[in-house]
Amino acid sequence: MSTTLLQAAGPPIELADEALDGLRAEIRGGVHTPEDDGYASARRPYNAMHVDRPSLLVRCAGTADVVAAVDFARSHGIELTVRGGGHSIAGLSSSDGGMAIDLSPMHAVDVDPDARVARVQGGAVLGDVDHETQAFGLAAPLGVVSETGVAGLTLGGGYGWLRRKHGLACDNVLGAQVVCADGQVRTASADVNPDLYWALRGGGGNFGIVTSFTFRLHAVGPEVAFAGVFYGLDDAAQVLRGYREYFAGAPDEVSAEAILFCSAFPADPHLPEPVHGQKALVVGAVYAGDVDAGMKELQVLRELATPLADISQPMPFVAVQGAFDGFFPRGQLHAYWKSLYARELPDETIDRIVQRAKDRPAGRSEFELAYLDVYPMGGAVSRVAPEATAFGERSAPYLVSLGGNWTDPGESGEQIAWVRGLWQELDDQLGTGSAYLNFSGREAGEEAQAATATATNAARLADVKAVYDPDNFFRRNHNIVPAS
Ligand code: FAD
């Protein structure tokens, strides 16, 4: 018997069972082909639009497994994908017919409360980190959905509820252990391999497989002041104007999202009854500081118009981190997202996007989630120099993210067209020319390109890629081509 595997270049190869047995002998996690029971129990990707089936799935239990898997893929020239949390919107963590390294067994989190650091393995998801760090009243700035992978999110930047106070996830990485393309395990920090350390903070999965990160932690929680306000679409333009004015002078402690839901909410008992069947604008915000001071500070965001519903209250930080989880079930939704950094948010744009939300017809899917999300930046995000880390976009006042998520695959064309149409309109008028790659979808013909997002640092990234991955072995990612 043999297994057919895609090669990174050239025709597929047939690998005899004896070759796989050799790999099995080296791996403590598991080596699976689609026929094995273990194959089905691997972590599923989030995006049902990219349910590719690798011919070989290697579940790594530790760094030694990762080294063995990398050596095996390289020596046979096999196309390799790397799966941390599996949340890639572009479907970059699986490929038909290749080999996937699944890091989900590597999700340990070890907190040193005195030093305020945590060592986080490369397959951990956000909820793993929050669970352990909150036991000490500490937090790493990550994202806002608890099942998202720490690795992909951090390597590509990482925006969450703490960003304006404590920066991006990548800004809080003090070091990492990386298995590079040559199979060598390297440390990356300010003192050791500083070029690799620089590149990992925004350059994505281009430089190797991160088996662990060391994060700086901050005193947050266990309760935080949280605002969650649902406004009707008739008030949405007024609310977005007020939101814009507020963030022109807001304290760094406040990080927020204004999510214009362009599809109607389901009649879900977890949602306030007045929004069932309604489109709405939701303003969500967290105050990273004293809870009472925070509830006072967030009051203004609760009074931008008369809300349909207001669930603002002091909340456990872990509950805030899981607040959106129900909207994003793993493996069930087809997803196409796009983003742009916006220079401004003028009145005409606000009026236009609200009108687009009102006019958008319901899709045919049993469940759909179409939204436009405005993230104010500034604060700690903008105090990092663009060249200080590979993540170069530091000055735009807003990130605008557009999301289409739906259940009926027959609807993909319309759903994608809606996201693209609105994105194009906004990008033409407000865009800085760069996008947040972690929020970038992909369909046929759309290559995952790192160039736009990393323009400021593109040349240096290509140089570092040439040092650590000269043959572009790690290419199933928002790819950086090695400098020649
Ligand atoms: P995976 O799909 O596992 O991997 C994607 C790519 O990351 C891989 O192709 C590889 O190149 C790289 N990679 C993964 N693990 C490793 C590793 N250990 N070493 C080296 N490379 C690796 N982003 C935000 O900034 N803030 C948010 O709040 C946020 N919320 C999200 C919510 C949902 C529901 C989803 C689907 C995405 C969200 N994102 C958010 C985007 C998220 O940052 C990206 O999807 C990111 O790629 C997820 O990381 P992952 O490890 O789960 O990805």
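A few comments on the model shown:
- Screening the candidates THR456, THR407 for the property of being over 19 Å from the mean Cα position of the chain (by Cα), surrounded by fewer than 23 Cβ atoms within 10 Å (Cβ to Cβ) and at pLDDT 95 or above yields one hit, THR407.
- The criterion of being in contact with a Lys or Arg (Cβ under 8 Å, 6 or more places away or on another chain) and either acidic (Asp, Glu) or open to solvent by less than 30 Å² (accessible area, probe 1.4 Å) (or both) holds for ALA380.
- Of all the criteria given as (1) under 21 Å from the mean Cα position of the chain (by Cα); (2) surrounded by fewer than 17 Cβ atoms within 10 Å (Cβ to Cβ), the one not satisfied by LEU333 is (2).
- Wholly within the range 11-111, strands (runs of 3 or more DSSP E) carrying at least 1 residues that are within 15 Å of the ligand (Cβ to nearest atom): 56-59, 80-83, 99-102
- For GLY326: the one exception among (1) at pLDDT below 95; (2) in a helix (DSSP H, G or I); (3) open to solvent by less than 50 Å² (accessible area, probe 1.4 Å): (3)
- Residue that is least open to solvent (accessible area, probe 1.4 Å) [pool: residues in the range 57-86 that are basic (Lys, Arg) and within 22 Å of the chain's Cα centre (by Cα)]: ARG83
- Restricting the range 152-181 to residues that are of a type in the set (S, T, N, Q) and either within 12 Å of the ligand (Cβ to nearest atom) or modelled with pLDDT under 95 (or both) leaves a set whose member that is farthest from TYR468 (Cα to Cα) is THR154.
- Exactly one residue among VAL224, VAL229 is open to solvent by less than 10 Å² (accessible area, probe 1.4 Å), touching a Phe, Trp or Tyr at 6+ places or on another chain (Cβ under 7 Å), away from the ligand (no atom under 15 Å from the Cβ) and farther than 24 Å from ASP469 by Cβ, and that residue is VAL224.
The values are calculated or read from the model by the stated rules, or taken from the named source; none is laboratory data. Predicted model only: the values in this text are computed from it and were never measured. Glycine gets a Cβ as well: all are built from the backbone with ideal geometry, and neighbour counts include every protein chain shown. Remember, those area values only see protein heavy atoms, side chains included, never the ligands or the DNA or RNA. Shrake-Rupley method; radii C 1.70, N 1.55, O 1.52, S 1.80 Å.
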